[in-house]
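Structure first, then comments.
The values are calculated or read from the model by the stated rules, or taken from the named source; none is laboratory data. Since the model is a prediction, treat every value here as computed from it, not as a measurement. Here the Cβ positions follow ideal geometry from the backbone for every residue, glycine too, while neighbour counts run over all protein chains shown. Heads up: the accessible areas ignore ligands, DNA and RNA and are worked out on the full protein's heavy atoms, side chains in. Shrake-Rupley method; radii C 1.70, N 1.55, O 1.52, S 1.80 Å.
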Amino acid sequence: MSALPMLDDEPPLLVVEGLTVAYGNRVGCRDVGFELWPGEVLGIVGESGSGKTSLLNALSAKIEPAAGTIHYRLRDGTMADLFGLSEAVRRQLLRTDWGVVHQNPRDGLRLTVSAGANVGERLMAVGARHYGEIRGSALDWLGKVEIDRDRIDDRPSSFSGGMQQRLQIARNLVTNPRLVFMDEPTGGLDVSVQARLLDLIRGLVADLGLSAIIVTHDLAVARLLAHRLMVMRGGEVVESGLTDQVLDDPQHPYTQLLVSSILQV
Amino acid sequence: MTQTLAGYNFAYLDEQTKRMIRRAILKAVAIPGYQVPFGSREMPLPYGWGTGGIQVTASIIGRADVLKVIDQGADDTTNAISIRRFFAKTAGVATTEHTADATIIQTRHRVPETPLRAGQIMVYQVPIPEPLRWLEPRETETRTMHALTEYGAMHVRFYEDIAHYGRIATTYDYPVIVNDRYLMRPSPIPKFDNPKLDMSPALQLFGAGREKRIYAVPPFTKVKSLDFQDHPFAIESWDEACHLCGSTTSFLDEVLTDDQGGRMFVCSDTDYCRTRTS
């Protein structure tokens, strides 16, 4: 884990208070609150059904929370209530300032168009209208995520799982977002590919000064990427703190169980 | 042709339906390029043959109107003749093949070569009105995209064309932006005809019967074809002139003349070609 950039003078990027997501009578997550600073990576860990994805969906404005507030600092420095913004501005944020990396790359990619078009789509969505420049950026980003440049005109459906996931990351980062949401970014990949992807994400996050919220059930991923951890169970945050602190000295019985259930090879 | 079919209302549709369609048309004219939903009726021809166009024509046609119907540029194909006879029988209106004489021109796939004039109405038959449909199957989502002018992803298609073919390979139904606001499908006309839509003195109405949508381009409205800065919009061109009339500026069809590889290029607009040769 890299050192947490502690910038006292900078206000938080995201402030979440009392966030509750409900599906009718069922609760997705309850009363979640935290702050995220620029350049910080927050890991959310917990078992399946613990409310990780519900929380992520609410944070990325995909579903409207039943209660609580999310404030996000816009590029002009003002703190805006996410659900007080108009839908137009919210969708604009999602396309430019934010990135969402899905667990299944097929949810985040357009499989029927080439890799270049996948990377270029966000640029075109924010008004790029010069083919040569769009293609230049696409090539540049394919290089950054270690995809051969001569694959630019191939469809992602012909890519391996790891390549698809890297392409998805490139597609999200091309507009220089400030905040990236990742839902199990290494899910479904074999360990060696996972390791390379983690290296890549760690490098990109450090180089670009991104803030990221990473949902994972894999504590190794959390240990490698996250500065801070939140442990969730049954829709509630049971423990939070610095990653090393939470993983090396777990306080809550559930966290202790989680940490002790890692296979030691 | 003044004898109309007994038992039918003027121009086939009942007055209440016509009023409903006219309201949709008025709204469409007020918001250029916006797709207005309307209660499309069953018509005595199959979907895909112009049920949308025929309903628009039926609700705007008056006894003094002169109707021209073209299908792929020709006045004498089955579809064009049938629709012309339909209105001759149900409305008793005069029909013509001459673009200049017509007040209403219902069309499938072409805009006449003869420049349109103020007072004329073009009625386009539209199979699929939604330009965003190929990238977004949900109607709720495409409507939101229209509302928020989220049209960037449309260029993904052109990007793909250039990446694979070196140029924009979309040749018909080429998407346009109307009045700097709404993205619109101009119906399956060749992109050759797109510039004719821009600042046209004629009123242009688009009817999609199966999809139940009407949209419009009012006279003298800006219609811009999408493109890239380094790959600007361009229309088709031919190395040959029309075999019959010698035109080098009209849209040409390639016609096979025998089974020995013989072929010739002729104007797709039969009326235009005939006017030039006579």
Exercise. When the residues of segment A:215-265 are filtered to those that are open to solvent by less than 20 Å² (accessible area, probe 1.4 Å) and over 21 Å from the mean Cα position of the chain (by Cα), which remaining residue is farthest from residue A:40 (Cα to Cα)?
Worked result: A:254
For this session: Please work out if residue A:156 is over 25 Å from residue A:74 (Cβ atoms), in contact with a strand residue (DSSP E or B) (Cβ under 8 Å, 6 or more places away or on another chain) and open to solvent by less than 10 Å² (accessible area, probe 1.4 Å).
Result: no
Exercise. Do we find that residue A:192 is of a type in the set (Ser, Thr, Tyr) and within 14 Å of chain B (Cβ to nearest Cβ) in this structure?
Worked result: no
For this session: Check residue B:163 against each of (1) assigned to a helix (DSSP H, G or I); (2) touching a residue at least 24 places away in the same chain (Cβ under 8 Å) and name the one condition it does not meet.
Result: (2)
Exercise. Just for helices (runs of 4 or more DSSP H) wholly inside segment A:81-149: which have at least 2 residues that are open to solvent by 50 Å² or more (accessible area, probe 1.4 Å), without any contact (Cβ under 8 Å) to a residue 60 or more places away in the chain and more than 12 Å from chain B (Cβ to nearest Cβ)?
Worked result: A:105-108
Exercise. Under 28 Å from residue B:180 (Cα atoms) and charged (D, E, K, R), is that true of residue B:85?
Worked result: no
For this session: Would you mind stating whether residue A:162 is surrounded by 18 or more Cβ atoms within 10 Å (Cβ to Cβ), touching a strand residue (DSSP E or B) at 6+ places or on another chain (Cβ under 8 Å) and farther than 19 Å from residue B:167 by Cα?
Result: no
For this session: Give me a count of the residues in segment B:208-223 that are exposed (fewer than 15 other Cβ atoms within 10 Å of the Cβ) and within 22 Å of residue B:167 (Cβ to Cβ).
Result: 0
For this session: Return yes or no: is residue A:75 within 14 Å of another protein chain (Cβ to nearest Cβ) and either in a helix (DSSP H, G or I) or open to solvent by 30 Å² or more (accessible area, probe 1.4 Å) (or both)?
Result: no
For this session: Would you check which residues across segment B:132-149 are outside any loop (DSSP other than H, G, I, E, B) and either more than 16 Å from residue B:185 (Cβ to Cβ) or touching a residue at least 60 places away in the same chain (Cβ under 8 Å) (or both) and list them?
Result: B:140, B:141, B:144, B:146, B:147
For this session: Given the conditions (1) open to solvent by 20 Å² or more (accessible area, probe 1.4 Å); (2) assigned to a helix (DSSP H, G or I); (3) touching a residue at least 40 places away in the same chain (Cβ under 8 Å), report the number of the one that residue A:203 does not fulfil.
Result: (3)
Problem set entry | Number of the exception - residue A:49 against (1) farther than 14 Å from residue A:215 by Cα; (2) open to solvent by 50 Å² or more (accessible area, probe 1.4 Å) | (1)
Problem set entry | Number of the condition not met by residue B:149 [criteria: (1) at pLDDT below 95; (2) touching a Leu at 6+ places or on another chain (Cβ under 7 Å); (3) not hydrophobic (A, V, I, L, M, F, W, C)] | (2)
Exercise. Pick from B:95, B:78, B:114, B:57: which is among the hydroxyl-bearing types (Ser, Thr, Tyr) and within 25 Å of residue B:249 (Cα to Cα)?
Worked result: B:114
For this session: Would you mind stating whether residue A:163 is within 16 Å of residue A:216 (Cα to Cα) and at pLDDT 90 or above?
Result: no
Exercise. Filter segment B:149-201 for residues that are open to solvent by 30 Å² or more (accessible area, probe 1.4 Å) and under 27 Å from residue A:152 (Cβ atoms); which is farthest from the other protein chains (Cβ to nearest Cβ)?
Worked result: B:171
Problem set entry | segment A:12-27: number of residues that are in contact with a Gly (Cβ under 8 Å, 6 or more places away or on another chain) and open to solvent by 10 Å² or more (accessible area, probe 1.4 Å) | 5
For this session: Would you please name the residue that is most open to solvent (accessible area, probe 1.4 Å), looking only at residues in segment A:52-72 that are in contact with a helix residue (DSSP H, G or I) (Cβ under 9 Å, 6 or more places away or on another chain) and of a type in the set (S, T, N, Q)?
Result: A:69
